[in-house]
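Worksheet: one structure, shown below.
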Amino acid sequence: MTVADDAKTGGVTTIPVTAGRPWQRFGTRGIYLLVVLVMVVLVIIPMIMLLIAAFTDSPPRPGDPLGNFTVENFNAILTSRGITAAVNSIIIAVCAGAFAVAIGTGLAWVAARTDVPWRAVAQTAGIIPLFISAFVGAMAWSLVASPRSGYINLLFSTLGWNITWDVYSIGGIIFVQSLYYSPYPFLFVYGALRLMNPELEEAALVHGARQWTVVTNVTLPIIRPALLGAGVLTFALILEDFPIPTILGAANDVQTLPSYVYSLMTVAPSEVNQASAVGIVLLALLVIIIVTQRLLLKGKAYTTVSGKGFRPGMIKLGRWRWPVFSLVMLYLFLAIVVPIAALAVAAFSGARYLSSFRDLFDPSAYSADAFIDSVTSRAFIQATSNSFIAGGAAALFGLVLFVLLAYFVLRTNLIGKRFLGVLTVAPVAIPSLVMGIAFFWTWSVIPLPVYGTLAVLVLAYIARFIPQGYGGIAASMEQIHPDLEAAAEVSGAGKMRALWWATVPLLRTSIISAGLMVLILSIRELASSIFLFTSRTRVLSVLVFGQWENGQWDRVASMSLAYSAILLVITVVGGKWLKPA
């Protein structure tokens, strides 16, 4: 076999599956067909359920005939309420997505390529906000910056300043989402920067280019796949996020498409068909973004890793070292310290509202009784166990699927691989609320005893986080030349063995990052869980959100604190695996 057999398809170098012994080719194609079957079950069938619900006048239920065809469900998006929600969604997603990518990329560059003081702190800052669930962060910031009784507004009043910070506005929603969605671009860009060969940067510096010119004209263009992948993913996640707009937008009636979907599904009687139609609109918006991303990358190569060894270079910041470090600490203060302190005040005081800022410093107002009672309750312990089992299984089985997806889409010339690539990003376009209902219909129809068990949550989490897991691994695999696998095959290894021994070791940073992200996201996931849990399979996110809906703020704050502590331990322990491989 020779590497010259490589074929170029769509600008990506691939290794033909026709090479190798017959049993090896059969094994590779058999695994490919199995991956396709898994994607059909996880993505295609739920999407069919979504389409059926959007274009009929009754939801699909087991044993019931299909409803009558109609397009009237789409009238929901043409109402003034629907149009306002769509405009708000686009404004918030564009602004919050841009800020989140800027923050995440900046932190990744500082942590991966500079000599900033205590670089490990910058490295941790990039991922540590993952330990606060987005809706927990929204609830914490509603304590801090609600216009009437927020702690910071009480401070302004005490100081005599005529300033009000209203987190219940579009600006407040953008601010909170920017804080808690920046870890996604960080994880994408950090891995790409660590894999980037510094020879091109060094060549530019030798020829007299300034450091900033090198960053903007050499570094960022090379990692463009990771940047675009992170941008598309972050935009889509914010576009379909419902807890933050629901919690922060309710007071001023700031509604987005996801909160509109949630209201349609929770109204009595629920408007499931109209909610599905709005979900189709969200899907169409994301398809436009994905096509734009593909056009921007079409016909360009971003390979920077070959058989030649290298060491990532460090950029000296000089007099900017401490100012840059101060910005890292400011981000940690806003994303972590402030919301955790607010939750602690509410958890140990049991009070949602304070009359003055001085009340924060009254020791007699605090007690640990409510906190201990909440975190030792049977409901909390069972929900914690369920979250770990479901999240761990989703990360373990999901990683196997993500690596195989990246290999088949980027490295082979098998029929249907382009469509498989489209399926890997399709779940991010399906609103998580709608996906939860689609999974409910799917596993009610399929004659397997899955619904009502943790297995349905595991499947939902894997399907929900395919874009995140696949995106992080695929962006790094694109930077590894297939010559390494071809060399292994020349030595007699089969394709799967070459993948395992040649490519996977180089991807281990991205693989561990993806597994960590899927585990944490699964434990944080609320929207897809809320329609799939039973009394025996309730997870932490559902338990805390239920307490918030019931207005039990002492329990909300106590459970949120413990919930965040659990995610913090996972993030800190897993964070060390993000160090350079």
Region 333-447, relative contact order [Cα under 8 Å, separation at least 6], %: 13 percent
For volume of the Cα convex hull per residue in Å³, with candidates [x] 165; [y] 223; [z] 361, the value calculated from the shown model is option [x]
Specify the longest stretch of the chain that does not include any exposed loop site, a site being one of the trypsin sites (Lys or Arg not before Pro) with a non-H, G, I, E, B DSSP assignment and at most 12 other Cβ atoms within 10 Å. 317-535
Dipole in debye (nearest 20) - the chain, about Cα centre, beta carbon charges: Lys, Arg +1; Asp, Glu -1: 1520 debye
Sorted by mean Cβ packing within 10 Å, highest first, what order do the peptides 471-480, 363-372 take? 471-480, 363-372
Can you tell me the relative contact order of the chain? Whole percent, Cα pairs under 8 Å, sequence separation 6 or more. 23 percent
Hz values of 3J(HN,Hα) by residue in region 166-177 - Karplus curve (6.51, -1.76, 1.60), Gly and Pro given as x: 9, 6, 8, 10, 4, x, x, 5, 4, 4, 5, 5
Sort region 34-81 into rounded, prolate or oblate with this rule: let a ≥ b ≥ c be the square roots of the eigenvalues of the Cα gyration tensor; rounded if a/c is under 1.5, and if a/c is not under 1.5, prolate when a/b is larger than b/c, oblate otherwise. oblate
Solvent-accessible heavy-atom area per residue, rounded to whole Å², over the chain at 1.4 Å: 42 Å²
Relative contact order computed over region 427-581 (Cα-Cα under 8 Å; 6+ residues apart), in percent: 30 percent
Amide H contacts of THR114 (H built 1.01 Å from N, under 5 Å, at least 5 apart or other chain): ILE315
Cα gyration tensor, region 310-444 - rounded (a/c under 1.5), prolate or oblate: oblate
Give the accessible area for THR124 in Å² (nearest 10); use a 1.4 Å probe, count only protein heavy atoms, and leave out ligands, DNA and RNA. 60 Å²
Specify whether the C-alpha gyration tensor of region 55-214 places it in the rounded, prolate or oblate class, a ≥ b ≥ c being the square roots of the eigenvalues: rounded for a/c under 1.5, otherwise prolate if a/b is larger than b/c and oblate if not. oblate
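The values are calculated or read from the model by the stated rules, or taken from the named source; none is laboratory data. None of the values given here were measured: they were computed from a predicted structure. For neighbour counting, all protein chains shown are included, and Cβ atoms are generated from backbone atoms with ideal geometry for every residue, glycine included. For accessibility, only protein heavy atoms count, side chains too; no ligands or nucleic acids. Shrake-Rupley method; radii C 1.70, N 1.55, O 1.52, S 1.80 Å.
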